[in-house]
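Asker: Questions regarding the structure given below will be posed in turn.
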Amino acid sequence: MYEIRQNGQCVLQSKDEHSIPMFFNNLTGINIKGSDYKMYIRHVAREQMGFIPGQISLFKDGVEIRTGTIPDY
C-alpha cells in the first residue's frame, strides 16, 4: 500500500505501485517544472486534491520512504 500523507493524515492511497509515487513526484516538482508546476499546485493539488502548502511524505506499507514540500503558490 502506498500513501501520501500531510500533517499525519493520509490524503491519497493505493495498492497500485505506480500512481501514488507518480503523484508524489508531481506534487514535489520532480515530474513537472516551471509555470506548469505552479498551475498544477494551484488548481489540481490544492483545489481538487485538498493539499495545502507544506511538507508531504510518501509511505510504502506504513514506512516513510521520501519527503517533499508543496510550495505556497
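Asker: Using a 10 angstrom Cβ neighbour count of at most 14 plus a DSSP loop assignment to flag exposed trypsin sites (Lys or Arg not before Pro), which longest range of the chain is free of such sites?
Answerer: Details: sites that count: LYS15, LYS33.
Longest stretch, sites excluded: 34-73.
Asker: What percent does the relative contact order of the chain come to when contacts are Cα pairs within less than 8 Å and at least six residues apart? It would help to have the intermediate numbers written out before the result.
Answerer: On the way: 109 pairs, mean separation 25.2, N = 73.
Taking the mean separation of contacting Cα pairs over the length of the chain, I get 35 percent.
Asker: Then there is this: Can you compute the helix-only [θ] at 222 nm over the chain? Use -39500 (n - 2.57) per DSSP H run of at least 4 residues, normalise by all residues, nearest 500 deg cm²/dmol. Working shown, then result.
Answerer: On the way: 2 runs with 15 residues, N = 73.
Mean residue ellipticity, 222 nm, calculated: -5500 deg cm²/dmol.
Asker: I need two numbers for the chain: Rg to one decimal and Dmax as a whole number, Cα atoms only, in Å.
Answerer: According to the Cα coordinates of the chain, Rg and Dmax are 11.4, 34 Å.
Asker: While we're looking at this one, here's another question. Which aspartates and glutamates, on any chain, are close to LYS38 with Cα under 16 Å apart, when same-chain ones fewer than 8 places away are left out?
Answerer: GLU47, ASP72
Asker: Further, regarding this structure: If r is the Cβ-Cβ distance from THR67 to SER35 and R0 is 30 Å, what FRET efficiency results, to the nearest 0.05? Walk me through the numbers before you get to the answer.
Answerer: Values: r = 25 Å, r/R0 = 0.83.
Plugging the Cβ-Cβ distance into 1/(1 + (r/R0)^6) gives 0.75.
The numbers here are math on the coordinates, done by the rules we state, and not lab data. Only a predicted model underlies this, so the values are computations on that prediction, with no experimental measurement involved. Positions of Cβ are generated from backbone atoms using ideal geometry, with glycine treated the same way; all protein chains shown enter the neighbour counts.
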